[in-house]
Amino acid sequence: MSKKIVIDPVTRVEGHGKVTITLDENNKVKDSFFHIVEFRGFERFIQGHPYWEAPVLVQRLCGICPVSHHLAAAKAIDQIVGLEPEDLSVPTQKIRKLLHFGQIFQSHALHFFYLASPDLLFGFDAAPTKRNVVGVAMEYPELAKKGILMRKFGQEIIKMIAGKRIHGISASPGGVHKKVTAKERDYFLNGKNIPSIEAMIEWSKEMIDFIKIYHSKNSNWLDTFAEYPSGHLGLVNKKNGFLELYDGNLRAIDAYGNITLNDIHNDDYQDYFYEGVEKWTYLKFPYLKHLGREKGWNRVGPLARLNVCEGISTPLAAFERLAFLAATDGKTNNKTMYTHWARLIEILHCAEMMKELLEDDDILSNDLVRKGERRKEGVGIIEAPRGTLIHHYEVDDKDRITRCNLIVSTTHNNEPMNQAVRWVADNVMDGKAKITESMMNQVEVAIRAYDPCLSCATHAIGQMPLEISLHDHYGNLIDLKRS
Amino acid sequence: MKNNKTIIFGIGNIGRQDDGLGWLFLDHLKEEGFENSDLEYRYQLQIEDAELICNYDIVIFVDAVKNELTEGYYFKTCKPSSKYGFSTHELAPETILHLANSLYNHQPKSYILGIEGVQWNLEIGLSSKAKLNFKKAKTSFIENMLSPDSVIQN
């Protein structure tokens with residue numbers, strides 16, 4: 001008799017997902033799936049709205065990374081008013097980047113301290129009642145305090161520029177609404193009210209030191225856990241191929257470092273990507289056309305970005321990248337658990353960039369808006385915390401949006417997360433007589449590394465405990481566990 | 001209340017009908033010129049709120065409640081608890097208090113004003129029943145705040 005294992009919902013991720021693993025009569029893995037069980041439909045909601053509303057409306061997709069949606073939409077709308085990213089005023093470019101770095105900084109801090117660190121600090125086998133942020137706060141209070149203040153710092157940057165920490169408004173077509181004042185920026189530099197940007201840099205370095213030591217002590221499982229060959233996709237700087245989070249060309253490589261997408265312009269993404277669909281999930285499967293559905297999928301996010309880039313522009317993060325590369329002898333890194341290390345290097349890069357921008361008097365300027373010649377279409381691509389985010393709009397002569405296509409980071413990571421689930425099923429559960437809570441958690445650990453944001457806009461009310469049920473191949477329930 | 005530094009969190013989402021009760025309650029306090037407290041709007045509580053409440057003597061959480069309530073609302077003491085939900089979408093007031101206490105050794109007087117809601121669809125505007133409950137809750141709350149025998153004062 002075959003068994004079906006269901007993890008619903010997957011815990012310590014943003015949004016709601018479900019995993020099913022089907023075992024045959026001998027407890028050998030037959031199938032595994034990572035499902036996205038909620039439907040949003042933003043691409044339809046937005047049709048008929050004036051294009052300038054897009055940056056405000058689409059950020060409601062998410063309560064964790066609304067800034068990323070706001071800025072990706074803004075970049076697309078800039079094109080509709082006739083402006084490429086480099087056509088915007090220098091102060092606008094810098095204010096938007098400061099907003100973006102604040103967003104990635106706070107999102108990465110939230111993920112590492114809140115969602116990922118319990119697995120690293122307590123291990124797979126720790127009791128679920130301990131393996132959470134409350135447990136971290138109890139046993140590692142200084143770490144928890146720094147995590148809280150790093151998250152707060154990024155949130156305060158967002159509030160300064162967009163007016164609110166969540167769902168604020170900064171970007172307008174071809175510009176931003178307001179400049180930064182000297183008083184506002186001093187708040188982040190002088191350390192009187194909150195720890196300064198210098199403290200953020202120091203703490204980011206401490207976190208990287210922690211993860212490096214952790215890797216040296218736990219390489220036996222970190223080097224192999226959910227390791228599988230994959231493509232990697234991300235933006236790179238148009239001039240030098242360095243790590244780029246706000247605006248760059250799209251580059252992809254295969255699992256061995258060979259270029260599969262050679263620095264294409266944002267506008268051309270449709271010439272290179274298709275999106276596959278499956279009956280068992282609402283989430284699509286993007287892939288490179290010329291490689292096909294089986295070979296053309298890519299990871300996105302911190303690990304992919306460090307794989308595709310040729311360097312990092314800020315000195316401290318650049319130094320840490322070298323140590324990261326050395327761990328795989330400079331080869332492309334396909335080890336899922338290294339995503340946490342990569343994420344912390346990006347935290348440091350964001351902190352360095354925030355310092356540079358906060359100390360730049362351009363952000364105090366009133367030169368904020370540009371105008372160009374109206375177009376009918378706009379594409380905005382940005383690196384969100386979780387990976388490459390694509391917004392594409394078409395408008396009619398009455399300024400109404402007629403078509404919208406969004407490819408969000410977690411969509412790119414759909415196939416990689418399914419691969420990660422399959423790895424755990426094959427390597428941890430296959431052939432085992434009993435499926436333990438620790439084994440279940442390892443499925444979630446693999447997914448969690450991608451920091452998936454599954455359906456934030458459909459905020460669920462009330463408790464949704466972890467539920468694991470075993471079914472026979474007729475669908476009959478034979479066992480049930482709740483957290 | 002006059003001598004105590006107070007923060008009031010309105011929790012919810014005005015785009016989900018009665019889930020907007022918490023925010024609308026803060027809107028009402030603003031309209032009433034309720035200037036003695038800091039007001040914070042939240043879709044959901046976040047971990048950094050544990051640090052924020054350390055600056056206050058009194059914390060009040062206002063949120064919609066799905067359960068049926070005899071009076072249509074309740075106002076009760078909130079105590080720290082280490083209970084933890086499955087994601088960042090669910091961080092309870094009790095957990096925030098627990099984190100504030102364990103990380104910062106701060107334990108403000110804390111209360112929850114829960115107001116019963118009944119409809120949660122993707123629409124703006126309260127249901128008729130929620131409007132009624134909202135009215136009862138705000139009347140009671142304002143009277144309580146202004147009373148010298150206020151629960152919070154004691």
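Values quoted throughout were computed directly from the atomic coordinates according to the rules given, and no laboratory measurement underlies them. Keep in mind it's a predicted model, so treat the numbers as computed, not measured. In this analysis, Cβ positions are derived from the backbone assuming ideal geometry, glycine residues included, and neighbour counts consider all displayed protein chains.
Structure notes:
- Degrees, to the nearest 10: A:197-222 long Cα axis against longest axis of chain A: 30
- At an R0 of 56 angstrom, the distance between the Cβ atoms of residue B:77 and residue A:43 translates into a FRET efficiency of 0.75.
- Neighbouring partner chain Cβ atoms per residue of B:7-14, average, 10 Å criterion: 1
- Fewest-first ranking of A:58, A:445, A:277, using other Cβ atoms within 10 Å as the exposure measure: A:277, A:445, A:58
- Largest-first ellipsoid semi-axes for segment A:45-146, taking √(5λ) over the Cα gyration tensor eigenvalues, angstrom: 39, 16, 9
- A Förster distance of 60 Å, applied to the separation of the beta-carbon atoms of residue A:125 and residue A:362, puts the FRET efficiency at 0.70.
- Using distinct alpha-carbon pairs, which all enter the 1/r mean, Kirkwood radius of the protein assembly as shown in Å: 25.5
- Using C-alpha pairs under 8 Å with a sequence gap of at least 6, the mean separation divided by the residue count of chain A gives a relative contact order of 27 percent.
- Between 0 and 90°, nearest 10: helix A:315-326 axis offset from chain A longest Cα axis: 30
- For segment B:6-146, a crude dipole built from +1 on the beta carbon of Lys and Arg and -1 on the beta carbon of Asp and Glu, taken about the Cα centre, is about 380 debye to the nearest 20.
- With a threshold of 29 Å on the Cα-Cα distance, the over-threshold entries among A:75/A:355; A:146/B:79; A:152/B:136 are A:152/B:136.
- When you count the other C-beta atoms within 10 angstrom of each residue and take the mean per peptide, A:349-362, A:368-381 line up highest first as A:349-362, A:368-381.
- Two-decimal log10 I(q)/I(0) for segment B:57-130, as the Debye equation yields it once each C-alpha is a single scatterer, q = 0.14, 0.24 Å⁻¹: -0.55, -1.10
- Counting Cβ atoms of other protein chains within 10 Å of each residue's Cβ and taking the mean over peptide A:143-156 gives 3.
- Between residue A:206 and residue B:104, the simple label model (points 7 Å from Cα in the Cβ direction) yields a spacing of 1.7 nm.
- 20 Å cut-off, amide nitrogen to a point 7 angstrom out along residue B:127 Cα→Cβ, residues in segment B:5-34: B:11-25
- DSSP bridge pairs, the protein assembly as shown: antiparallel proportion in percent, nearest 5: 70
- When A:423, A:341 are arranged by Cβ crowding within 10 Å, least crowded first, meaning fewest neighbours, the order is A:423, A:341.
- Neighbour counting of Cβ atoms within 10 Å sorts the residues A:200, A:138, fewest neighbours leading, into A:138, A:200.
- Protection proxy ranking, highest mean first, for peptides A:142-155, A:104-117, B:117-130: A:104-117, A:142-155, B:117-130, where packing is the per-residue count of other beta-carbon atoms within 10 Å, averaged.
- Of A:145/B:109; A:145/A:217; A:18/A:94; A:94/B:5; A:97/A:205, those spanning more than 29 Å from alpha-carbon to alpha-carbon: A:18/A:94; A:94/B:5
- Viscosity 1.567 mPa s, temperature 4 °C, Stokes-Einstein D of segment B:6-146 from Kirkwood C-alpha radius, µm²/s: 85
- On Cα atoms only, tilt of A:414-424 relative to the major axis of chain A in degrees: 30
- Per-residue mean of C-beta atoms belonging to partner chains within 10 Å, peptide B:97-109: 2
- Reachable lysines from residue B:135, criterion Cα separation under 23 angstrom, eight or more residues apart if same chain: B:30, B:66, B:76
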